Amino acid sequence: MDWRKGMAAAFLVALAACWLLGMAVEASPELTGDEILQRLQGETPLATQQGMAQVRLTTVNDRGQERPNEMRIFVRSSSEGTEQLLEYVAPADVAGTKLYTRTPKKGDPDILLFLPALGRERRIAAAERGSTFMNTDFTYDEITSFAHFTELYTAERLADSEWDGRPAYVLRLTPKEAGSLYSHVVMYVWQEEFIPLRVDFYNRDGVLWKQLLNSNFQQNPAGNWEARRIEMVNVVKKTKTVIDLLATSRTDVPANFLRELRR
Amino acid sequence: MATTRPPHRYPRRPLLLALVLGCLLGLGLAWPAAAQDQVTIRGQVGQTLGFFLQDGSRSGEGEGDPINWTPGQVALNRTHYQLQFERRFGWDAAGLISLKGHWDAGVGGLQDLIKVANGDSSSLLELDQAYVDLYSDMTDFRLGRQRIAWGTADGFNPTSYFAPLNLDLTGGLDGLVQPVTALRASTYFNVGTLGVVVVPTFERRANWAEALKQEQPEFELSKEREPDEPRNQGEIGLQFDTFYRGTSLYLSYFNGYEDQPVVWKGDTGSVAEWRREQKLGLAAATTWQGFTLWGEGTYTLPASLDTLEGVDPSAILAPTEPYVTAVLGADYLFPSGVRAELQYLYNGRGSLLGVYEPSDAPAGQYLMGLASIPLGEDHSLELLALDSLRDESLVFVPTYRYQLTPTTQASLSLVVVHGSEGSEVGEAGLNDLDQLTLAVTVRF
């Protein structure tokens with residue numbers, strides 16, 4: 001299995017984090033774009049959360065052929081940083097492949113990939129930010145940006161709108177760094193829950209490139225809303241990656257992620 | 001390269017393995033499965049067809065006509081399969097049984113070389129791995145036949161102590177570590193992990209006698225001169241690993257046996273004896289500027305044998321002094337999706353491609369390159385090269401892979417070996433075995 005496929009998993013970890021959070025936050029009409037973005041990340045921090053999400057990831061190519069994968073994602077944060085472990089559950093030929101990421105508060109993450117055929121972990125470097133993951137519509141940039149939106153973008157609040165029947169703040173995000181893949185990003189944020197509903201990514205020419213769509217919202221046992229389906233549609237390539245949330249738990253988490261990686 | 005594949009190793013302790021299997025099945029019956037702890041069944045079945053690309057010949061087994069082959073002649077026609085059952089029992093235990101086998105559908109050139117008839121080289125069903133895992137508060141135990149892969153390098157791991165290296169590169173770098181029957185315990189502390197491996201009976205290189213005969217025919221052993229079995233055949237290995245400032249560090253120690261017996265010329269002919277060795281190992285891996293960097297090395301102290309005293313070092317087919325083995329490597333993923341990897345290998349014992357060399361043989365030094373080039377959504381090209389710095393030997397294996405379906409892959413490989421008769425590949429009998437290989441594998 002190509003290790004880049006493992007990197008795609010890191011994105012799922014970020015998404016799972018969103019699912020595992022889902023905390024309701026009081027809205028305020030006076031909020032600025034940056035404040036909304038901050039709420040998105042700041043008041044629903046991973047840093048105090050832990051949990052497990054089981055997801056099904058399906059890639060759809062331009063001929064409509066689907067490739068499903070099923071995986072479990074574990075997340076735990078502490079004062080030292082965040083640990084994430086992703087384990088492929090299906091199909092059987094990749095089952096047992098695991099990706100462990102330890103992201104300290106400062107510094108680069110440790111990323112270890114365990115391949116059953118190899119029988120041991122392998123340290124890997126963060127992929128090129130612009131590269132796409134094998135058979136997915138996500139880039140590494142998108143993985144990290146979900147965790148560091150406020151670091152990578154400045155937000156301008158546009159006129160409120162709605163998406164999928166829900167009132168939404170609309171933000172125009174402008175990259176702080178010149179090397180970004182995108183000229184800008186437009187994000188629709190559910191006003192009541194501060195959850196992204198839709199994210200439009202525009203390429204450097206200002207053309208709509210990809211769309212991230214959150215849907216099938218359901219309340220978890222704690223009463224928080226979760227997007228149980230996320231789609232990334234590549235408008236240019238006519239490909240799609242669909243992620244369905246199958247199950248979540250806040251307690252079904254291994255005591256030692258590194259230990260679990262090697263089992 | 002396929003002739004370097006050791007014959008299939010049969011379990012040396014069938015009763016122990018039967019016990020392991022029994023335990024595993026017993027666990028499966030006794031433990032109620034949670035929803036996420038169902039049995040995972042996976043496997044693969046495939047067909048490999050190889051053709052010689054050049055003329056070649058070998059002398060017979062002492063009598064009879066030499067064996068000749070010509071371009072286009074079938075070298076290998078093999079059906080291979082593997083079936084694996086794995087089950088987790090919550091956070092407390094797990095188990096795995098892996099079976100594999102192959103059937104040589106017709107006598108190919110490679111079978112001719114080892115003088116087997118149709119089907120004789122087949123191994124219809126063989127135990128690959130069978131183990132149970134038990135997890136306590138701080139320690140994970142694994143008991144049974146298992147692969148123990150230590151180290152940070154790709155393919156050639158000096159700190160993977162417990163099984164002989166398999167240098168069949170035609171299958172890629174995965175799976176080069178052979179299984180061994182052992183008890184492994186990993187204890188997790190705040191500062192790192194301590195691993196202990198106990199092997200009750202050491203693994204021998206299955207084809208050491210054939211290798212001796214091929215590589216050093218003047219040292220050939222008669223049946224009655226084969227080495228006595230050591231009384232204590234146990235091995236032990238320790239490894240401590242930790243993270244330090246973004247670097248994975250592994251410190252290890254091994255006390256066990258060499259993969260093949262030491263052979264030397266005595267007064268009355270060749271003599272062989274199993275010899276213990278101790279190894280100290282250090283491995284590390286880190287990342288820098290998008291590169292993954294790794295290094296791994298061992299310092300080996302062979303035990304001194306009284307019987308070797310006074311023997312001319314050139315008449316001993318094994319190192320008599322401590323030696324170093326090391327690997328340094330790096331890989332990088334380019335924005336285009338091309339992954340490139342380069343490794344430097346230093347083998348103080350001598351040639352990597354051979355088994356037996358005189359004790360004063362120069363160290364083997366190699367550059368190994370690997371590139372994975374995506375050609376499209378379903379196509380890729382992989383290039384693997386091993387270049388000896390000791391002489392002109394070069395092994396080059398380009399492989400084109402096509403993903404027919406998510407579970408079915410077809411591949412077309414070339415195995416190109418360059419080197420004269422006196423080179424490393426020549427002495428290993430590989431320099432006239434260029435092949436074209438077609439393979440289809442279905443995984444489930």
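The values are calculated or read from the model by the stated rules, or taken from the named source; none is laboratory data. Predicted, not measured: the structure shown is a model, and the values here were computed from it. Methodologically, a virtual Cβ is constructed for each residue, glycine included, from the backbone with ideal geometry; neighbour enumeration extends over all protein chains shown.
Listing for the model above:
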read-out: Failed condition for residue A:219, given (1) without any contact (Cβ under 8 Å) to a residue 12 or more places away in the chain; (2) crowded, with 16+ Cβ neighbours inside 10 Å; (3) touching a Phe, Trp or Tyr at 6+ places or on another chain (Cβ under 7 Å); value: (2)
read-out: Which numbered condition residue A:108 misses (of (1) on the phi < 0 side of the Ramachandran plot; (2) modelled with pLDDT of 85 or more); value: (2)
read-out: Hits in the range A:150-168 - residues which are assigned to a strand (DSSP E or B), under 21 Å from residue A:183 (Cβ atoms) and not hydrophobic (A, V, I, L, M, F, W, C); value: A:153, A:154, A:156, A:157, A:161
read-out: Hits in the range B:375-409 (condition: among the small types (Gly, Ala, Ser) and surrounded by 15 or more Cβ atoms within 10 Å (Cβ to Cβ)); value: B:380, B:385, B:388, B:393
read-out: Listing of strands (runs of 3 or more DSSP E) fully contained in the range A:174-263 that carry 1 or more residues being of a type in the set (Val, Ile, Thr) and under 21 Å from residue A:69 (Cα atoms); value: A:225-234, A:239-249
read-out: Identity of the residue in the range A:103-126, free of Cβ contacts under 8 Å to residues at least 60 places away in the same chain and more than 8 Å from every other protein chain (Cβ to nearest Cβ), that ends up surrounded by the fewest Cβ atoms within 10 Å (Cβ to Cβ); value: A:106
read-out: The range B:315-329, subset surrounded by 17 or more Cβ atoms within 10 Å (Cβ to Cβ) and either free of Cβ contacts under 8 Å to residues at least 12 places away in the same chain or within 30 Å of residue A:123 (Cβ to Cβ) (or both), residue farthest from the other protein chains (Cβ to nearest Cβ); value: B:323
read-out: Residue check, residue B:346 at pLDDT 90 or above and within 19 Å of residue B:158 (Cα to Cα); value: yes
read-out: Qualifying residue in the range B:251-264 (condition: in contact with a strand residue (DSSP E or B) (Cβ under 8 Å, 6 or more places away or on another chain) and within 19 Å of residue A:262 (Cα to Cα)); value: yes
read-out: Residue tally, condition modelled with pLDDT of 85 or more and touching an Asp or Glu at 6+ places or on another chain (Cβ under 7 Å), over the range B:53-70; value: 3
read-out: Residue in the range B:117-140 that is at pLDDT below 85, part of a strand (DSSP E or B), away from chain A (no Cβ under 14 Å) and out of contact with any Ser or Thr (no Cβ under 7 Å at 6 or more places or on another chain) present; value: yes
read-out: In the range B:355-414, the residues that are under 27 Å from residue B:335 (Cβ atoms) and in a loop (DSSP other than H, G, I, E, B); value: B:375, B:376, B:377, B:378, B:406
read-out: The one condition in (1) in contact with a strand residue (DSSP E or B) (Cβ under 6 Å, 6 or more places away or on another chain); (2) within 11 Å of another protein chain (Cβ to nearest Cβ); (3) within 19 Å of residue A:53 (Cα to Cα); (4) not charged (D, E, K, R) that residue A:91 fails to fulfil; value: (1)
read-out: Members of the range A:36-61 found to be farther than 12 Å from residue A:149 by Cα and at pLDDT 80 or above, listed by number; value: A:51, A:52, A:53, A:54, A:55, A:56, A:57, A:58, A:59, A:60, A:61
read-out: Pairs where the first residue, in the range B:176-187, is within 11 Å of chain A (Cβ to nearest Cβ) and the second is among the charged types (D, E, K, R) and in a strand (DSSP E or B), C-beta under 7 Å, 6+ apart; value: B:179/B:128; B:179/B:145; B:184/B:142; B:186/B:140
read-out: Number of the condition not met by residue B:338 [criteria: (1) within 14 Å of chain A (Cβ to nearest Cβ); (2) crowded, with 16+ Cβ neighbours inside 10 Å]; value: (2)
read-out: Single residue of A:172, A:198 found to be in contact (Cβ under 8 Å) with a residue 24 or more places away in the chain, of a type in the set (Lys, Arg), buried (at least 16 other Cβ atoms within 10 Å of the Cβ) and within 22 Å of residue A:242 (Cβ to Cβ); value: A:198
read-out: Qualifying positions in the range A:229-250 - under 26 Å from residue A:77 (Cα atoms) and touching a residue at least 24 places away in the same chain (Cβ under 8 Å); value: A:230, A:243, A:244, A:245, A:246, A:247, A:248, A:249, A:250
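This table checks each residue for (1) touching a Gly at 6+ places or on another chain (Cβ under 6 Å); (2) without any contact (Cβ under 8 Å) to a residue 40 or more places away in the chain.
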{"residue": "B:270", "(1), (2)": "no, no"}
{"residue": "B:278", "(1), (2)": "no, yes"}
{"residue": "B:284", "(1), (2)": "yes, no"}
{"residue": "B:288", "(1), (2)": "no, yes"}
{"residue": "B:302", "(1), (2)": "no, no"}
{"residue": "B:308", "(1), (2)": "no, no"}
{"residue": "B:311", "(1), (2)": "no, no"}
{"residue": "B:338", "(1), (2)": "no, yes"}
{"residue": "B:345", "(1), (2)": "no, no"}
